[in-house]
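Report on the structure given below.
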Amino acid sequence: MKSKDFFLAIEELGKTKGISSEVIIESVETALSIACKKNFGEASNVIVKLNPDSHTMRAFISKIVVEVVETPEKEIALEDAQQIKKSYKIGDEVLTEINPRDFGRIAAQNARQVIMNSLRQAEKKVVYEQYIKKEGELIIGNVTRVKEDGTIYVEIGENQMEGVLAPTEQIPGEKFRAGDRIKVLVKRVREAVGGVQVILSRSNYLFIKRLFEKEVPEIRAEIIQIKSIVREAGFRTKMAVYSTDPEIDAVGSCVGNKGVRVNAIVSEIGGEKIDIIPWSSDVLDYIARSLSPAKVLIVQADEENKEAKVIVPDEKLSLAIGKEGQNARLAAKLTGWKIDVKSYTSALQSGMFDGIADESVDEGDAE
């Protein structure tokens, strides 16, 4: 069967759906094979071949030459095979061409349905493979609609894919409307019943990390490393950075001249506070710095249990702990240590200073 229009339609469909012609042809061949089986028997071994160069489509029933036929749909007796061609012998494959036009209306409808299903699966696979590579990446999209429950749908990519930004993945307090340009993190890509679902986020800590990578050339060049980053979206982020070049200030590079770099990021996230601290291999120093912006007098560490007791000036206690314990909580997540913050007076009264002089970080070192 020859049809130039059929193959031109395949080519056009591939361009529209972003699927290669080879994938579509493979899907159509599989679909037609299934449709043929419905017409000639499910046990039949049907082979369909499409040739886009010659614009031809051919279908065959394949049978193996045997001495005694046990499965007529798949086997042919040697005597019958040799009536077709005398050179056939046991084990050879006999191909008998069939004309798809002979299927009838019901078979054609079945073929159409199977082809459409195969194409949907092929399109789903292409979209999934395209976006699974973008997991963890920062992209820019357009808000298409906002549901009553606050869920935001964002158009991303050239194929007008819609990503989902759930309320839990948004920064508290921010508002978007249809038509707004928006930066989002591709948090997760998964296959769903209706197709591929792309889960977006602005509240994830990786969103902040990617913003810094975009804003700070030294991070992209891997001169500055983000050693650890934790976040409570809409309130505070803590980030520990390290420079592989002793001539380059890691914190200063992230802050930028007159704060231009960090301010650009803070503006993007609606004024959320960002504490940038220099990472240190000295655990006492690192823990002290993690409580920034509070100053620390002494750090006492139990390395076996990864627990630390931190002493701060009386007037800095509330700053070190933070509103509802947020600053201390984030410091603990940043360092991976359990941190107990005490005021100088409280520590003095409880005898915490006894025997810890050698394990301390003075106030000047912690600045």
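What the table shows:
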item: 10 Å Cβ shell holding at most 14 others, DSSP loop, trypsin sites (Lys or Arg not before Pro): longest site-free stretch of the chain; result: 178-305
item: Potential lengthening between Thr151 and Gln349 on full extension [0.36 nm per residue; Cα-Cα distance subtracted]; result: 66.1 nm
item: Nearby lysines by direct alpha-carbon distance to Lys133 (threshold 26 angstrom, same-chain neighbours under 8 apart not counted); result: Lys15, Lys17, Lys124, Lys125, Lys183, Lys187, Lys209, Lys214, Lys227
item: Relative frequency of Cα-Cα separations exceeding 13 Å in segment 188-259, percent; result: 70 percent
item: Over 39 Å [Cα-Cα, the chain], rounded percent; result: 47 percent
item: Assigned charges on the beta-carbon of Lys, Arg, Asp, Glu; segment 139-200 dipole about Cα centre (debye); result: 140 debye
item: In degrees, nearest ten, helix 105-132 long axis to first principal axis of the chain (Cα); result: 30 degrees
item: Cα shape, segment 230-339, gyration tensor, a/c 1.5 rule; result: oblate
item: Lys pairs under 26 Å by Cα in segment 258-320, provided they are eight or more residues apart or on distinct chains; result: 9
item: On Cα atoms only, tilt of 326-335 relative to the major axis of the chain in degrees; result: 70 degrees
item: Set of aspartates and glutamates with alpha-carbon distance to Lys63 below 12 Å, sequence-local pairs under 8 removed; result: Glu73, Glu75, Asp80, Asp92, Glu93, Glu97
item: Sites Thr244 and Ser20 - FRET efficiency at Förster radius 45 Å, r taken between beta-carbons, to 0.05; result: 0.60
item: Segment 139-200: radius of gyration and largest Cα-Cα distance (Dmax), Å; result: 11.0, 32
item: Stretchable slack from Ala221 to Ile140, in nm (0.36 nm times residue separation minus alpha-carbon distance); result: 26.9 nm
item: Net dipole in debye of the chain [+1 Lys, Arg Cβ; -1 Asp, Glu Cβ; about Cα centre; nearest 20]; result: 1740 debye
item: Two-site FRET efficiency, Thr71 against Lys124, from Cβ-Cβ distance with R₀ of 35 Å, rounded to 0.05; result: 0.50
item: Cα-based convex hull, segment 119-253, per residue volume (Å³, whole number); result: 124 Å³
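Every number here is computed from the coordinates shown, using simple stated rules; none is lab data. On a predicted model such as this, the values are computed, not experimentally measured, just so you know. Glycine gets a Cβ as well: all are built from the backbone with ideal geometry, and neighbour counts include every protein chain shown.
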